[in-house]
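First, the structure itself, so that you have it in front of you.
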Amino acid sequence: MAAVATKFLFFAAMVLVTACQAEQEVAVLSERFNVCAALPPGVSFQPQEPGPDFDLGNIKVNDSVAEIQIGGHPRFSHRAVKKGIAATDGFKLLGKERSDGKDKFLFAYERGDEAGPIYVMVMAPDLHAFEQVLNGNALLVVCG
């Protein structure tokens, strides 16, 4: 009887996990750097014209828009940037700061290739509307 109940609970949990994942849209943030994001409902991404060594886009939550920069050299405090080398098991939030008149969140993932860590910086004059999305688990992922 306990085995049947355990199997039922496991099945129910898997259905819930699948349903939750189905609600999220996986968006390609950067083909060049192979970065995707699991966007919750109500959040969208719009790519912009890329820079010479970085990709750009805008993320929108309700009526708020923030810029995303993806590449290897973010304009962020050096203490946080150096921590990117240790982010070897997926994207990690390295830090939050306010500089250049903007709130900034910096994520990194060191994939072990010769390019070094890939950084994703999200910035806007005020990121309050984005805090819940940016602090969520598994927001940024390697595509594929």
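Consider PHE33 carefully, then state whether it is in a loop (DSSP other than H, G, I, E, B), surrounded by 16 or more Cβ atoms within 10 Å (Cβ to Cβ) and at pLDDT 90 or above.
Numbers: in a loop (DSSP other than H, G, I, E, B): yes; surrounded by 16 or more Cβ atoms within 10 Å (Cβ to Cβ): yes; at pLDDT 90 or above: yes.
When the stated conditions are applied, PHE33 passes them.
Can you tell me which residue among GLY136, GLY112, GLY144 is among the small types (Gly, Ala, Ser), within 11 Å of the chain's Cα centre (by Cα) and assigned to a loop (DSSP other than H, G, I, E, B)?
Values: GLY112 fails: within 11 Å of the chain's Cα centre (by Cα); GLY144 fails: within 11 Å of the chain's Cα centre (by Cα).
After applying the criteria, what remains is GLY136.
Here's another thing I want to ask about it. Any chance the range 68-75 includes a residue that's in contact (Cβ under 8 Å) with a residue 60 or more places away in the chain and either surrounded by fewer than 14 Cβ atoms within 10 Å (Cβ to Cβ) or of a type in the set (Lys, Arg) (or both)? Before the answer, list the steps.
Start the filter on the range 68-75 by keeping residues that are in contact (Cβ under 8 Å) with a residue 60 or more places away in the chain, which leaves none.
No: zero hits.
Further, regarding this structure: Which of (1) modelled with pLDDT under 95; (2) surrounded by fewer than 16 Cβ atoms within 10 Å (Cβ to Cβ); (3) assigned to a strand (DSSP E or B); (4) not polar (S, T, N, Q) does ALA38 not meet, given it meets every other one?
The number of the failed condition is (2).
Pairs please, first residue from the range 32-59 and without any contact (Cβ under 8 Å) to a residue 60 or more places away in the chain and over 19 Å from GLN132 (Cα atoms), second anywhere and in a loop (DSSP other than H, G, I, E, B) and of a type in the set (Phe, Trp, Tyr), Cβ atoms under 7 Å, 6+ apart in sequence or on different chains.
Correct list of pairs: ASP55/PHE33.
Here's another thing I want to ask about it. What number of residues in the range 1-30 are modelled with pLDDT under 50 and within 19 Å of LEU127 (Cα to Cα)?
Keep residues of the range 1-30 that are modelled with pLDDT under 50, which gives 1-22.
Checking the rest, the ones that are also within 19 Å of LEU127 (Cα to Cα) come to none.
Result for the range 1-30: 0.
A further question on this structure: Given the conditions (1) in contact with a Lys or Arg (Cβ under 6 Å, 6 or more places away or on another chain); (2) free of Cβ contacts under 8 Å to residues at least 40 places away in the same chain, report the number of the one that MET123 does not fulfil.
All conditions are met except number (2).
The values are calculated or read from the model by the stated rules, or taken from the named source; none is laboratory data. Note that the structure is predicted; figures quoted are calculated from it, not measured. All Cβ positions, glycine included, derive from the backbone under ideal geometry; neighbour counts span all protein chains shown.
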